[in-house]
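Worksheet: the structure to be examined is printed underneath.
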Amino acid sequence: MTNESNNQEQLQESDVTSSAVWKRFRKHKVATAGIVILVTLILVAVFAPFIAPNDPYEVRTGRRLEAPSSEFPLGLDRIGRCTFSRLIYASRISLSVGVISAGVSLIIGVVLGSIAGYYGGIADHLLGRLADGMLSLPAIVIIMTIVLALGTHILNVMVVIGVLGWVGIFRLVRGQMLSLREQEFYLSAVSLGASPFKVVKDHLLPNAISAVIVAVTLRTAAAILTESTLSFLGFGIQPPLASWGNMLNAAQNQSILVNNPYMWAPPGFAIALTVLCVNFLGDGLRDALDPTSQLGIKQD
Amino acid sequence: MQVYIAKRLLSMLPVLLLVATFVFFIVQLMPGSVIEYMFGGVAGEEGGLPPIGAEHIREELGLDLPMHVQYWNWLRRAARLDFGDSMLTREPVIQRIIDRFPRTLLLMGTALVLSIIVAIPIGVISALKQYSVLDHVVTGTSFLAISIPSFFVGLGAVYIFSSLLRWTPVGGMAPVGTTSPPLLVRMHYMILPVLVVSLRQAASFARYLRSGMLEVISKQYVSTARSKGLSEYVVVLKHALPNALIPLITIIGIRLPVIFGGSVVIERIFSWPGIGSLTLNALQQRDLTMVVGINMFFALFVLFANLLADISYALVDPRIRYG
């Protein structure tokens, strides 16, 4: 914290020191449960080679769609790969796509939001129009179009989802900038001759950080969902790489849907659990970081 | 009001031009082509290229012209709402969209109406009875609704209700071979996809209405209405609810692209022959004019819907005046 003195005023109405934040966060039971599950999932993703019982890419042509057994806890898929091992490896894809996409959205949203909020005028107007344009397209259709055009490589999936997800963070940062500009510490920084970059970086952004952290968390949840939808439709992560979404792709086949639920239901639950936990985390962070916020999903 | 509408219509033009230009050039990067698709084989995959006739088709489709000429020709037609012809079927793109869109509108529109009808009483009651069991159930459901992917809900519903219980057809709009089935048969085919879409929407709409109601109920005019001795029923329905509906209209307006984008997933799962299926097919077949046309159509539709939402505020809330 470089601007401890700046925060003096806020400290009284809402304590933002890390211990107070942590205390408030722990009171949010579901959020705490969410973070425990997420940490477990991250450990599973990191140590996937040690946890997975089999090679997730090994094709056993003679044993397609085999039922669960002690060797293959969730059976074998369409071309005889171990479903359980793929499920474990897929956590790497979902989590990394979620985090990196949200990171891309964060960078674009903060940079453009700062420019629009700080300078206002024509820059603000043009960026606002661009944001309107982005929002007027059904994200999933345009994302499919772009990913297909650029190639369905995992990096493209991450970047495209990220690039199309900046509008929320942009609007948030822009709004925060506009309201923070009305405050005295901004005026004092400017009159002391600080450069626009320095004012934004040292004075405006640190004050907007709570709201941005919450928005990025929720963005991560959305990005995981988008990746799974794309991969389910066959326009995202491509086999042999396993993603929870592309594991569900097989269930579009009526016979697999009916006869092999253990093949498609676990990845579905995995997506739901992960996204739910990230959303709980976001909700808990909102309550903990920004107790005065009225915008929260939880209003107590 | 007329001036406001005219201004809004004018401000759509740069947005549409931006969308058109971007989509037109990005689709050109797609690997594979519609011609490869026509000659068998999956577009985008390597395989035997058609030797005879391919050049002829390229010329016919105008694909041999320089890119900027193609763009200019397309833009001139698009200005008259003519998005060219499908590269595959040679029908006008707009005609295929007009054929397909009413079906999507039927599905998503019914789901939207149903979700609003369900959300209003639930949202109002959970606001009036804050922290009751119902309130907690609504909060929990809305978290689930935003976290479970719609395709998983859809597949689960087909698995349970169509495959195991055999209550509903597995997919499609009507039995194979029938053109105009009776209303009840239509409803039988619609019920599962409509429920899947609307349950998720209803949960989040109810949340927004709950917040709106909580905010409105603490306002002075509600206290005034109560102190006049009006019944709780009149206070809630006549004084509080209309004001609490405004943020909900905003949310529905903002969500329209998401709602109609969702048709891609729902129509795939339920084999519903609407615009979502059209989109997926066009992408798979590399029918570029179709892809661009669909994107343009969605953009137009959403911009107009947002305009309608803004106009409808003025109808719900007489304090809002547009100059």
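Read-outs: derived from the displayed coordinates by stated rules, not from any lab. Here the structure is a predicted model, which means the values were calculated and not measured. Cβ placement follows ideal geometry from the backbone for every residue including glycine, while neighbour counts extend to all protein chains displayed.
Worth a mention:
- For chain B, the dipole from Cβ point charges (+1 on Lys and Arg, -1 on Asp and Glu) about the Cα centre works out to 1540 debye, to the nearest 20.
- Proximal charge balance of B:Ser115 [Cβ under 13 Å; K/R count +1, D/E count -1]: +3
- Taken about its Cα centre, the range A:178-300 carries a charge dipole of roughly 260 debye when the Cβ of each Lys and Arg holds +1 and the Cβ of each Asp and Glu holds -1.
- Ratio of the Cα radius of gyration of the range B:97-316 to 2.2 N^0.38 Å, where N counts its residues: 1.17
- Panel order for A:Glu66, B:Glu55, by other beta carbons found within 10 Å of each beta carbon, from fewest to most: B:Glu55, A:Glu66.
- Listed residue (B:Ser218, B:Gln201, B:Ser115) projecting farthest to the positive dipole end of the range B:97-316, Cβ model: B:Ser218
- Percent breakdown of C-alpha pair distances by 20 Å bin, ordered from the shortest bin, for chain A: 30, 50, 19, 2
- Net charge dipole, the protein assembly as shown: roughly 1300 debye, given to the nearest 20, about the Cα centre with Cβ charges of +1 for Lys and Arg and -1 for Asp and Glu.
- Whether the protein assembly as shown is rounded, prolate or oblate, judged on the alpha carbon gyration tensor where a/c under 1.5 counts as rounded: rounded
- Ranked by how many other Cβ atoms sit within 10 Å of their own Cβ, fewest first, the residues B:Phe297, A:Phe235, A:Phe269 fall in the order A:Phe269, B:Phe297, A:Phe235.
- The average projected area of the range B:112-195, computed from the convex hull of its Cα atoms over all directions, is 7.0 nm².
- Counting Cβ atoms of other protein chains within 10 Å of each Cβ in A:126-135 and taking the mean gives 4.
- Highest average packing first - B:252-264, A:111-123, Cβ atoms within 10 Å: B:252-264, A:111-123
- Built amide H within the under 5 Å cut-off of B:Asp85, gap 5+: B:Val93
- Proximal charge balance of B:Val27 [Cβ under 12 Å; K/R count +1, D/E count -1]: 0
- For the range A:2-298, relative contact order (Cα pairs under 8 Å, six or more residues apart, normalised by length) works out to 24 percent.
- Residue pairs, from the table A:Lys27/A:Lys201; A:Lys29/B:Lys129; A:Lys29/A:Lys201; B:Lys129/B:Lys219, whose Cα atoms sit over 24 Å apart: A:Lys27/A:Lys201; A:Lys29/A:Lys201
- Each of A:Asp287, A:Asp77 was scored by other Cβ atoms within 10 Å of its Cβ. Arranged with the fewest first, they read A:Asp287, A:Asp77.
- Using the Cβ-Cβ distance between B:Val234 and A:Leu178 with R0 set to 41 Å, the FRET efficiency from 1/(1 + (r/R0)^6) comes to roughly 0.50.
- Rounded to whole Hz, the Karplus (6.51, -1.76, 1.60) HN-Hα couplings of the range B:205-216, x for glycine and proline: 4, 4, 4, 5, 5, 4, 4, x, 4, 4, 5, 5
- Peptides ranked, highest mean first, by Cβ atoms within 10 Å: ranges A:239-250, B:302-313: A:239-250, B:302-313
- 9 Å beta-carbon shell around A:Met247, net charge (K/R +1, D/E -1): 0
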